[in-house]
Amino acid sequence: MSKVTVIGAGNVGSTCADVLAKRNVASDIVLIDIKEGVSEGKAADIMQTASLTGINVRVKGVTNDYAATSGSDVIVITSGIPRKPGMTREELIGVNAGIVKSVVTTALQHSPKAKLIIVSNPMDAMCYLAAKISGLPRNSVLGLGGALDSARFKYYLSLALKANPNDIEATVIGGHGDTTMVPLVSLATYRGVPVTQFLSNETLDKVSAETKVGGATLTKLLGTSAWYAPGAAAAAMAESIINDEKRIIPCGVLVEGEYGESDLVIGIPVVVGKDGWEKTLEYPINDKERIAFKASSDATRAVNQILIDNGTIK
């Protein structure tokens, strides 16, 4: 028996729950929200697809009933206000920090050994907050960023290559921000062959730029944050934990010396299994990418400092 709780039944949270259900990842999935009826309605809607899609799990929706989440193996936190057009992820820090702090504290009272997947923006700072206040081992707290950004990187590479994204291996490290993420062009491959053999430097620069603003592009088009890819990325991380898949997934993790950085959450490749992230991997990135990663780390640390200065993290 396994159990996943998704906190926040908005677009991202409900998509995550739907993907988990359709992939039959856990025996029980709990969707919880503060707004009366939303999680209950979305859970029922998902369950009504069972005979059509082969769902063989139970999805339950509740309003602020954290007792229903007790014994969760994984908790996905999507709570907070979404980005609006023209808004940076960092501008959300004041409101969302209070929400995430309350949610983490309450959820862990009922599931003290759960693994946390943080989706709320600004993701790196919210994951850092969760890691600092939860009391959990650092491998039990994971941030969404790298998993989502890498999927977007593969998508943009697939357009340039006119190829299937599933034939592409590509990784994004660094912060989950429009200016802080670092697409690792030097290591990206198409069917095992470096993409640099297929695409010009100009095209690859364009792909990197499109990847960095992938979220902002969708926010401008949709009028709110994206949800299909973020929800699916969070579900993939949860699935790797529940099924102990040992998948290599770039995630936001609290580093202690990895890539030369410490005391911040930053996206790096890790092995994800039943114990959360179980091993970090240091890729042979080039000098340009290493410089970009250092700049990303500095910018991410500056945002964290806001949480320290305002007393959210003590």
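The values are calculated or read from the model by the stated rules, or taken from the named source; none is laboratory data. Here the structure is a predicted model, which is why all the values come from computation and not from measurement. Neighbour counts are summed over all protein chains in view; Cβ atoms, including those assigned to glycine, are modelled from backbone coordinates with ideal geometry. For accessibility, only protein heavy atoms count, side chains too; no ligands or nucleic acids. Shrake-Rupley method; radii C 1.70, N 1.55, O 1.52, S 1.80 Å.
Quick notes on this one:
- Each peptide among 12-18, 235-241, 94-100 gets the average number of other Cβ atoms lying within 10 Å of its residues, and from highest to lowest they stand as 12-18, 235-241, 94-100.
- Average accessible surface for region 119-191: 32 Å² per residue, computed with a 1.4 Å probe over protein heavy atoms with every protein chain in place.
- Three-way shape label, region 164-241, alpha-carbon gyration tensor, a/c 1.5: oblate
- Rolling a 1.4 Å probe over the protein heavy atoms gives region 1-100 an accessible area of 43 Å² per residue.
- Burial ranking of peptide ranges 288-296, 130-138 (average Cβ count within 10 Å, highest at the top): 130-138, 288-296
- Around Glu169: net Lys/Arg minus Asp/Glu count, Cβ-Cβ under 15 Å: +2
- Helical runs assigned H by DSSP (4 residues or longer) give the chain a calculated mean residue ellipticity at 222 nm of -13500 deg cm²/dmol, each run adding -39500 (n - 2.57) before division by the residue total.
- Added length on full extension, which subtracts the Cα-Cα distance from 0.36 nm per residue, Ser70 to Thr49: 5.0 nm
- Accessible area of region 220-270 divided out per residue, in Å², using a probe of 1.4 angstrom: 37 Å²
- Net length available on complete extension from Asn286 to Arg138 is 50.5 nm, with 0.36 nm assigned per residue and the Cα-Cα distance removed.
- Prolate/oblate/rounded call for region 219-314, Cα gyration tensor, a/c under 1.5 rounded: rounded
- Carbon + sulfur, % of accessible area of the chain - ligands and nucleic acids excluded, 1.4 Å: 53 percent
- Order of exposure, largest accessible area first, which applies to Lys84, Lys35, Lys113 with probe 1.4 Å: Lys113, Lys35, Lys84
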